[in-house]
Amino acid sequence: LTPNKPEYSRLLSALLPDAAAACTADEELLALGGALGGATIVRKGQVDYLSDGSDVLENSEPGCPKRSGGQGDVLAGSIATLLSWAQAAP
């Protein structure tokens, strides 16, 4: 999943309505990934966070300050392609 800020907030509200306000961003993302059964989540922003519900990775490399609609779809497709290549490799 590659939710933007509003989509991420809606996922949290729907799946973790009782999430503690004192949670760190990492704990929140881990809990959401766990609630989704281990789905990989790429939380985009100033710093991007990636989690599969058991680990969290952080990417603070600068990106384009102006993003356009559909980039999350391209990102998800690229991730899926690379994953399928990695799994098919001998």
Q: List, in order, the whole-Hz ³J(HN,Hα) value for each residue of region 24-33 obtained from phi through the Karplus relation with A = 6.51, B = -1.76, C = 1.60 and θ = phi - 60°; use x for Gly and Pro.
A: 6, 4, 5, 5, 4, 5, 4, 5, 5, x
Q) Pairing the Cα long axis of helix 71-88 with the longest principal axis of the chain, what angle in degrees results, from 0 to 90 and rounded to the nearest 10? A) 60 degrees
(Q) Among 47-53, 80-86, 37-43, 6-12, how do they line up by average Cβ neighbours within 10 Å per residue, starting with the highest? (A) 47-53, 37-43, 6-12, 80-86
Q | region 5-48 versus region 55-85: alpha-carbon centroid distance in Å | A | 17 Å
Q) Candidates (1) 86; (2) 101; (3) 114; which is the computed volume of the Cα convex hull per residue in Å³? A) (3)
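Rule-based calculations on the coordinates, nothing more; no lab input. Please read these numbers as outputs of a predicted model, since none were measured by experiment. Neighbour counts run over all protein chains shown; Cβ positions are idealised from the backbone, glycine included.
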